[in-house]
1. Determine, yes or no, whether Thr73 is of a type in the set (Ser, Thr, Tyr), buried (at least 21 other Cβ atoms within 10 Å of the Cβ) and either at negative phi or assigned to a strand (DSSP E or B) (or both).
2. Looking only at the stretch 64-79, decide whether some residue is hydroxyl-bearing (Ser, Thr, Tyr), within 16 Å of the chain's Cα centre (by Cα) and under 16 Å from Thr171 (Cβ atoms).
3. When the residues of the stretch 99-118 are filtered to those that are under 12 Å from the mean Cα position of the chain (by Cα) and of a type in the set (A, V, I, L, M), which remaining residue is nearest to Lys179 (Cα to Cα)?
4. Just one of the numbered conditions (1) crowded, with 22+ Cβ neighbours inside 10 Å; (2) at pLDDT below 90 is not true of Tyr68; which one?
5. Is it fair to say Gly79 is open to solvent by less than 70 Å² (accessible area, probe 1.4 Å), without any contact (Cβ under 8 Å) to a residue 60 or more places away in the chain and either among the basic types (Lys, Arg) or farther than 24 Å from Ser160 by Cβ (or both)?
6. Would you point out the residue of the stretch 163-220, among those that are of a type in the set (S, T, N, Q), over 19 Å from Ser33 (Cβ atoms) and in contact with a strand residue (DSSP E or B) (Cβ under 9 Å, 6 or more places away or on another chain), that is surrounded by the fewest Cβ atoms within 10 Å (Cβ to Cβ)?
7. In contact with an Asp or Glu (Cβ under 8 Å, 6 or more places away or on another chain), free of Cβ contacts under 8 Å to residues at least 40 places away in the same chain and surrounded by fewer than 18 Cβ atoms within 10 Å (Cβ to Cβ): does that describe Asp136?
8. Is it the case that the stretch 82-100 has a residue that's open to solvent by 40 Å² or more (accessible area, probe 1.4 Å), under 23 Å from Gly193 (Cα atoms), of a type outside the set (Val, Ile, Thr) and not in a strand (DSSP E or B)?
Amino acid sequence: GGDRQLYTPYAGLPDLREAIAAKLRRHNGLDYSAENVAVCTGSSGAFFAAGMTLIEPGDEVIVFEPFYSYHWTTIPLFGAVPVAVPLDRDTMAFDPGALRKAITKRTRAIVVNTPGNPSGKVWAREELALLAEVLDGTDVLVLTDEVYEYMCFDGRRHVSPATVPGLAERTLTMNSFSKTFSVTGWRIGFLAGPAEIVEKCGIVFDQIEVCAARPMQRGV
């Protein structure tokens with residue numbers, strides 16, 4: 001137990017990374033192992049690490065409106081420009097045409113928050129397939145925030161965008177235990193995706209935070 005007070009590896013405790021990968025396989029249908037997962041300080045820490053790794057000054061990042069305010073206000077910290085694409089005002093439906101119009105040669109990433117805060121929108125698999133169609137032939141990344149995944153009602157099902165053909169290779173999945181276990185102050189979340197991207201994001205996270213708190217990782 002002598003290592004109990006020490007830093008963890010920057011991508012998190014190996015046991016926790018393995019447990020998260022098992023949860024992603026079991027519940028989300030993602031064929032991931034520990035190397036596809038990096039533990040971060042909540043999904044906010046995951047979003048920041050991903051942005052610092054993958055987004056360059058002058059890039060544009062699209063968010064769907066109504067958006068989570070932290071996504072909008074964090075993007076400029078990467079030197080990037082947030083661009084809002086509205087969802088349908090009455091139904092919250094995704095409009096592929098509106099997205100197509102908003103994409104430029106500077107577009108680097110799109111943020112998908114499902115279930116959405118503050119709208120409660122749950123993206124349907126059909127909508128995600130349409131998103132994949134719009135992005136086909138581009139190198140635009142998809143950054144997802146899925147912290148409310150277990151809060152689906154009225155027969156709706158949470159679909160992880162990374163399980164949709166055409167999105168899998170370009171998607172980084174971000175999530176947290178804050179809402180699921182009601183431990184918002186523990187600040188434990190993760191990012192998951194292709195191993196080589198996750199590895200780079202983990203190295204950047206090391207520069208930002210060194211690691212997420214060991215006792216909280218063990219607790220989760």
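The values are calculated or read from the model by the stated rules, or taken from the named source; none is laboratory data. Keep in mind that this is a model prediction, so the values were computed, not measured. Neighbour counts run over all protein chains shown; Cβ positions are idealised from the backbone, glycine included. Areas reflect the complete protein model, heavy atoms only, side chains present, ligands, DNA and RNA absent. Shrake-Rupley method; radii C 1.70, N 1.55, O 1.52, S 1.80 Å.
1. Details: of a type in the set (Ser, Thr, Tyr): yes; buried (at least 21 other Cβ atoms within 10 Å of the Cβ): no; either at negative phi or assigned to a strand (DSSP E or B) (or both): yes.
Taking the combined requirement at face value, the residue does not satisfy it.
2. Scanning the stretch 64-79, I find no residue that is hydroxyl-bearing (Ser, Thr, Tyr), within 16 Å of the chain's Cα centre (by Cα) and under 16 Å from Thr171 (Cβ atoms), so the answer is no.
3. Among those that are under 12 Å from the mean Cα position of the chain (by Cα) and of a type in the set (A, V, I, L, M), it is Val112.
4. Of everything listed in (1) crowded, with 22+ Cβ neighbours inside 10 Å; (2) at pLDDT below 90, Tyr68 misses just condition (1).
5. Working: open to solvent by less than 70 Å² (accessible area, probe 1.4 Å): yes; without any contact (Cβ under 8 Å) to a residue 60 or more places away in the chain: yes; either among the basic types (Lys, Arg) or farther than 24 Å from Ser160 by Cβ (or both): yes.
Yes; evaluated as a whole, the condition is true for this residue.
6. Restricting attention to the stretch 163-220, the residues satisfying the condition of being of a type in the set (S, T, N, Q) are 163, 171, 173, 175-176, 178, 180, 182, 184, 207, 217.
Checking the rest, the ones that are also over 19 Å from Ser33 (Cβ atoms) come to 176, 178, 180, 182, 184, 207.
Narrowing further to those that are in contact with a strand residue (DSSP E or B) (Cβ under 9 Å, 6 or more places away or on another chain): 176, 178, 184.
On the way: Ser176: 27, Ser178: 18, Thr184: 12.
Restricting to residues being of a type in the set (S, T, N, Q), over 19 Å from Ser33 (Cβ atoms) and in contact with a strand residue (DSSP E or B) (Cβ under 9 Å, 6 or more places away or on another chain), the top hit is Thr184.
7. Working: in contact with an Asp or Glu (Cβ under 8 Å, 6 or more places away or on another chain): no; free of Cβ contacts under 8 Å to residues at least 40 places away in the same chain: yes; surrounded by fewer than 18 Cβ atoms within 10 Å (Cβ to Cβ): yes.
Here the answer is no, as Asp136 does not meet what is asked.
8. No.
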